[in-house]
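Notes for the one structure printed next.
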Amino acid sequence: MYKNFGKRFIDVIMAAAGLIILSPLFLLLILLIYLFSQTKPFFCQYRPGLNGKIFRIIKFRTMRDLNDENRIPLPDSQRLTILGKFFRQTSLDELPQLWNVLIGDMSLVGPRPLLPEYLPLYTKNQSRRHAVKPGITGWAQVNGRNSISWDEKFAYDLWYVENISLGTDLIILSLTIRTIFSTRRINSNENQVSGKFTG
């Protein structure tokens, strides 16, 4: 009952409330990005969602569009702005995904949406992570995020797929909030992107 109806109901209510309540913060962050990064505030990218269907995810931009002499993008470490680093450490860059939740592409809680190029690399078991909508946060995110291996991430994702409940989602949301405000995390290197999945 919760998986089929209750989860979506809670997603819509909380996403709508979040977008309204956080609208002043959105405006402030947009202004900061314009002032300090001199670039468009939003970054959109295609990701696979429920059943592998491709959708467009939206985030606050954390990197500049800088290329080398051959017009190849510079490494992320050179394009990541100081403001963008702070956004990633505090997960502020993920806030626009409340819109993705509201329109039904994502859920508040679920496996994080990865890159489309990974789809052919998954085993049949790993592909089961797409049996539910991707989330802004998930079981893998509160259990290590980029500090754990891909095998561990998939194990956490599949555990969630098999254990969806209101209680599970509330635990993950509470752990997410605690992690965001954790001093240890703010001072860590979790803003760094984990290595690409190669199968």
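The values are calculated or read from the model by the stated rules, or taken from the named source; none is laboratory data. All values derive from a computational prediction rather than experimental measurement. Because the Cβ atoms are built from the backbone with ideal geometry, glycine has one as well, and the counts that use them run over all protein chains shown.
Structural remarks
- Number of the condition not met by Phe55 [criteria: (1) of a type outside the set (Ser, Thr, Tyr); (2) over 22 Å from Arg129 (Cα atoms); (3) crowded, with 16+ Cβ neighbours inside 10 Å]: (2)
- Output for the stretch 102-121, where each listed residue is over 14 Å from the mean Cα position of the chain (by Cα) and in contact (Cβ under 8 Å) with a residue 24 or more places away in the chain: Leu102, Gly104, Pro116, Tyr118, Leu119, Leu121
- Top-ranked residue of the stretch 1-37 - restricted to ones that are aromatic (Phe, Trp, Tyr) and exposed (fewer than 11 other Cβ atoms within 10 Å of the Cβ), ranked as modelled with the lowest pLDDT: Phe5
- Scanning the stretch 142-162 for residues that are exposed (fewer than 13 other Cβ atoms within 10 Å of the Cβ) and either in contact with a His (Cβ under 7 Å, 6 or more places away or on another chain) or among the charged types (D, E, K, R) (or both) returns Asp151, Glu162.
- Restricted to the stretch 28-65, and to residues there that are free of Cβ contacts under 8 Å to residues at least 60 places away in the same chain and among the basic types (Lys, Arg), the residue that is nearest to Lys124 (Cα to Cα) is Lys53.
Yes/no matrix, rows are residues, columns are (1) on the phi > 0 side of the Ramachandran plot; (2) at pLDDT below 95; (3) under 15 Å from the mean Cα position of the chain (by Cα):
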site	(1), (2), (3)
Ala131	no, no, no
Gly135	no, no, yes
Gln141	no, yes, yes
Leu170	no, no, no
Asn191	no, yes, yes
Ser194	no, yes, yes
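- For the stretch 135-175, residues that are assigned to a helix (DSSP H, G or I), over 19 Å from Leu95 (Cα atoms) and not basic (Lys, Arg) total 18.
- The set of residues from the stretch 61-105 being among the β-branched types (Val, Ile, Thr) and modelled with pLDDT of 80 or more comprises Thr62, Thr81, Ile82, Thr90, Val101, Ile103.
- Test: Lys40 is surrounded by 12 or more Cβ atoms within 10 Å (Cβ to Cβ) and at pLDDT 95 or above: no
- Test: Trp150 is at pLDDT below 95 and more than 19 Å from Ile172 (Cα to Cα): yes
- Those residues of the stretch 100-139 which are surrounded by fewer than 16 Cβ atoms within 10 Å (Cβ to Cβ), closer than 26 Å to Ile20 by Cα and among the hydrophobic types (A, V, I, L, M, F, W, C), in sequence order: Ile103
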